[in-house]
Structure formats: C-alpha cells, structure tokens
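Notes to accompany the following structure.
The values are calculated or read from the model by the stated rules, or taken from the named source; none is laboratory data. Every value quoted in this text rests on a predicted model; they were computed, and no experiment measured them. Cβ placement follows ideal geometry from the backbone for every residue including glycine, while neighbour counts extend to all protein chains displayed. We work out accessible area using only protein heavy atoms, side chains counted, and drop any ligands, DNA or RNA first. Shrake-Rupley method; radii C 1.70, N 1.55, O 1.52, S 1.80 Å.
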Amino acid sequence: MAEIIVVTSGKGGVGKTTTSASIACGLARQGKKVAVIDFDVGLRNLDLIMGCERRVVYDFVNVIHGEASLKQALIKDKRFDTLHVLAASQTRDKDALAKEGVEKVLNDLAEDGFDYIVCDSPAGIEKGAFLAMYFADQAIVVVNPEVSSVRDSDRILGLLASKTRKAENGERVKEHLLLTRYSPSRVETGEMLSITDVEEVLGLKTIGVIPESGDVLNASNKGEPVILDMESNAGQAYDDAVARLMGQERPMRFTLPEKKGFFTKLFGG
C-alpha cells in the first residue's frame with residue numbers, strides 16, 4: 001500500500017516545493033518507488049526544481065479529465081529509475097481538480113506499486129491545498145521560524161485534524177514539523193524563533209532543520225533538488241530528514257551557531 005505524504009504550509013514561499021523535490025529524491029535514493037505530484041494548478045514549479053520542465057507533455061489535470069493516461073503523464077526522473085513526476089497544469093484554474101479524480105490517480109499509483117506518493121501542496125487553504133491533504137497518511141508541515149509562518153501553519157494543523165479522510169474515519173494524519181531557512185546565530189540574538197519555540201506553539205516534533213543557505217536557490221536554478229548536493233549543509237539536512245521519515249535515528253545537525261576560531265576572534269570577521 002502506498003504511503004501518501006503531503007508537504008504543506010499556511011504561508012507561501014517557505015520552501016514546500018524544494019522540500020517535496022528533496023524528500024522525493026531522498027526516498028528514491030533509498031530504493032523506494034516514488035511519485036511526486038504538483039497540486040499547484042495554474043502556477044507549476046515542481047517540474048522546474050526537478051529539472052524536467054521541457055519534458056512535460058501531459059499534466060495532472062489532463063489525467064483527471066481523461067485527456068491522457070497516467071502512464072503518458074508521468075515523467076521518469078533521469079537520476080533515479082524509481083522516481084516519477086506528475087506536473088501541474090499551467091493553463092487551468094484550481095477548480096479543474098476534483099476529489100474523485102484525485103482519488104483515482106492516487107489509487108492507480110498505489111496499484112502500480114509506488115511505495116510513496118509525495119503531494120506538493122499550494123500554500124493556504126484553497127481547493128488545491130485541501131485536495132493535496134485530504135488523502136494524506138502523513139503531513140510534513142514546512143515552517144520558517146518566524147511568527148507569521150508559525151501562526152498560518154497552526155491553521156493548517158486544524159484542517160489536517162478535521163478535514164481529511166483520516167479525520168473523517170476518526171484517525172489522525174501523522175504530522176511532522178520541518179523548519180526551513182533556520183539561522184542559529186539569529187535565534188541566539190532573538191531575531192528568529194528557536195526549534196523549541198516552534199515545537200511548543202504547534203505541538204509537533206521536528207523531523208528536520210534546514211539551515212539558511214544559498215545552495216538551495218542555486219540548486220533550484222539548476223533543476224537539481226538540493227538533497228543531491230551532499231557537500232551542502234542543506235542537502236545533508238534534507239537527507240537526515242528523509243532518514244527520520246523512514247524511522248532511522250539521526251542527530252539534529254546545523255542547529256547551533258558556528259564557533260568562531262581563535263584568529264577570527266582576534267582579527268574580527
């Protein structure tokens with residue numbers, strides 16, 4: 001049975017699509033068969049970050065409306081044989097998605113032997129976001145450590161607890177917190193919320209802390225999910241998050257300010 005994971009947040013621009021791409025690649029690197037679906041109808045960014053934008057012929061909406069088969073629309077990743085991308089439509093609006101159509105696509109993927117289906121949700125609480133989370137078994141709630149992002153995510157947690165198929169059946173979606181753009185030095189000066197602050201407000205356990213890094217933007221611009229750059233702290237942090245998602249123990253890295261060396265202290269900088 002496929003495990004459906006929604007990557008969600010209340011606020012835009014926190015790194016959901018970057019996270020969806022990296023989680024999907026990380027799971028595929030562990031030998032799992034993975035599909036990653038872009039639910040952001042009308043905008044579509046997942047294919048850019050995955051580096052397959054020129055290979056999109058049919059999209060998610062085409063499949064739901066019977067204009068293409070799932071096999072025609074799925075794009076096989078060039079790096080991992082077990083990873084496939086289903087792009088969003090750029091020309092339709094959010095109403096093009098229907099619950100029954102989404103359910104059929106997810107069921108067909110499960111029948112095709114996919115281990116994980118990663119749903120890249122649009123921001124906020126409109127229809128695309130609701131459908132991305134409705135069928136989820138697990139949710140990765142992506143949060144920047146600042147007040148407005150945390151507050152908006154609290155609202156998403158309310159929806160996960162009340163507006164999903166699991167909630168209707170008296171069960172709970174398993175929720176994880178993923179902090180992005182984390183700067184330990186700014187936490188130390190009080191400019192940014194700490195991991196403990198965010199965990200206490202949202203009542204969630206942290207599955208990963210992604211440090212503030214220019215490598216994330218560079219990777220996105222190259223169409224290479226940052227998890228593939230194992231030289232970068234952000235790539236290593238995403239790899240840790242995937243390991244924890246699969247039940248492995250990993251120490252939480254990149255959460256403390258870098259200690260300044262003797263010469264830095266002496267000469268400044």
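Among 26, 158, 125, whose Cα sits farthest toward the positive end of the charge dipole of the chain (+1 at Cβ of Lys/Arg, -1 at Cβ of Asp/Glu, about the Cα centre)?
26
Please report the carbon-and-sulfur percent of the accessible area for segment 22-68; probe 1.4 Å, protein heavy atoms only, DNA, RNA and ligands left out.
After summing per-atom areas, the C and S share lands at 42 percent.
Please identify every one of the trypsin sites (Lys or Arg not before Pro) in segment 30-93 that sits in a loop by DSSP and has no more than 14 other beta carbons within 10 Å of its own beta carbon.
Taking segment 30-93 and a limit of 14 other Cβ atoms within 10 Å, the loop trypsin sites (Lys or Arg not before Pro) found are 78, 79.
For segment 104-149, just say rounded, prolate or oblate: build the C-alpha gyration tensor, square-root its eigenvalues into a ≥ b ≥ c, call rounded for a/c under 1.5, and beyond that prolate if a/b exceeds b/c, oblate if not.
Judged from the Cα gyration tensor, segment 104-149 comes out prolate (a/c at least 1.5, a/b above b/c).
Sort out for me the Cα centre separation of segment 103-171 from segment 14-74, rounded to whole Å.
Result: 16 Å between the Cα centres.
Can you tell me the accessible area per residue over segment 3-246, all protein chains present, probe 1.4 angstrom, in square angstrom?
Working: 10090 Å² over 244 residues.
Accessible surface, normalised per residue, equals 41 Å².
Which value, in debye to the nearest 20, gives the size of the charge dipole of the chain about its Cα centre, when Lys and Arg are +1 and Asp and Glu are -1 at the Cβ?
Charge dipole, the chain, about its Cα centre: 280 debye, nearest 20.
Using only the Cα atoms of segment 33-176, what are the Rg and Dmax in Å?
Just the Cα atoms of segment 33-176 yield Rg and Dmax of 15.1, 43 Å.
What percent of all Cα-Cα pairs in the chain falls in each 10 Å bin, counting up from 0?
Per 10 Å bin, starting at zero, the Cα-Cα P(r) for the chain comes out as 7, 31, 36, 18, 5, 2, 0 percent.
Once phi is turned into ³J(HN,Hα) by the Karplus curve 6.51 cos²θ - 1.76 cosθ + 1.60 with θ = phi - 60°, what whole-Hz value does each residue of segment 34-45 show in order, with x for glycine and proline?
Computed from phi, the couplings for segment 34-45 are 10, 10, 10, 10, 8, 8, 8, 4, x, 10, 6, 10 Hz.
Would you list which aspartates and glutamates come within 12 Å of residue 174, measuring only between C-alpha atoms, while excluding same-chain residues fewer than 8 positions from it?
Hits, sequence-local ones excluded: 3, 137.
Which value in nm describes the separation of the simple spin-label points at residue 67 and residue 148, placed 7 Å from the Cα toward the beta carbon?
Result for the modelled spin labels: 3.5 nm.
Pop out the ³J(HN,Hα) list for segment 230-242 in order, Karplus 6.51 cos²θ - 1.76 cosθ + 1.60 with θ = phi - 60°, rounded to Hz; leave Gly and Pro as x.
Along segment 230-242, the couplings run 6, 7, 8, 4, 5, x, 5, 5, 5, 4, 4, 4, 5 Hz.
Taking the alpha-carbon distance from residue 104 and a cut-off under 18 Å, which lysines remain once sequence neighbours fewer than 8 residues away in the same chain are dropped?
71, 94, 127, 166
Test of the criteria: in segment 137-200, which GluC sites (Glu not before Pro) are in a DSSP loop and have at most 15 other Cβ atoms within 10 angstrom of their Cβ?
171, 191
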